[in-house]
Amino acid sequence: MAKAWVLVANHTDARMFEAEHRASALKELEVLHYPEGRMRGQELLSDSSGRVFDRNGHGSHAMGGISDLRREGAQTFAREIAHALERAHEEGRYEHLYIVAEPKMVGPLRNALSPTTRAAIQGETGKNLVHSDPEAIRKQLPDFL
């Protein structure tokens with residue numbers, strides 16, 4: 001019987017669960033945290049953004065900003081999660097993977113995974129259930145994993 005793992009993640013936390021059998025309950029295995037994802041906008045900036053002058057006129061505006069830093073942070077955390085998932089897949093700890101992540105994390109997670117690990121994905125759900133109990137998470141998944 002193939003073991004299935006379930007990743008539940010948002011931009012600050014990730015939880016990995018295992019289902020021993022196709023219809024079994026989820027058992028929590030590992031938790032990852034990305035504390036930088038909780039930082040406020042000004043805490044992310046060590047200095048003010050660079051400035052760009054308009055081609056016409058004398059106006060200027062800031063380059064980049066907090067949203068760019070948040071996006072980069074989500075991608076950094078997605079790579080950290082992907083590394084943990086890939087290591088476990090190479091060790092044969094699971095065959096099937098289900099991803100339940102907040103919508104803005106699904107893409108970065110998928111992109112951070114190697115083709116081999118990406119091939120193990122059996123389903124994706126764009127919901128933030130990272131603080132839900134295992135029973136509530138299990139209800140979002142197929143009956144048979």
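Laboratory data are not the source of any read-out in this text; all were calculated from the coordinates shown. This structure is a prediction, so every number in the text was calculated from the model and none was measured. Neighbour counts run over all protein chains shown; Cβ positions are idealised from the backbone, glycine included.
Among the trypsin sites (Lys or Arg not before Pro) within the range 82-145, which fall in a DSSP loop and have no more than 14 other Cβ atoms within 10 Å of their own Cβ? Walk me through the intermediate numbers first.
Numbers: sites: 87, 93, 104, 110, 118, 127, 138, 139; in loops: 93, 127.
When the trypsin sites (Lys or Arg not before Pro) of the range 82-145 are filtered for loop state and at most 14 Cβ neighbours within 10 Å, 93 remain.
Need the full-extension length gain, residue 125 to residue 80, defined as separation in residues times 0.36 nm minus the C-alpha distance. One decimal, nm.
Once the chain is fully extended between residue 125 and residue 80, it gains 14.2 nm.
How about residue 104: which lysines have a C-alpha closer than 22 Å to its C-alpha, ignoring those fewer than 8 places off in the same chain?
Once the sequence-local lysines are set aside, what remains near residue 104 is 127, 139.
What's the center-to-center distance, using Cα atoms, between the range 1-28 and the range 125-139 in Å?
10 Å
Looking at the range 86-145, which chymotrypsin sites (Phe, Trp or Tyr not before Pro) are DSSP coil and have at most 14 other C-beta atoms within 10 Å of their C-beta?
Answer by residue number: 144.
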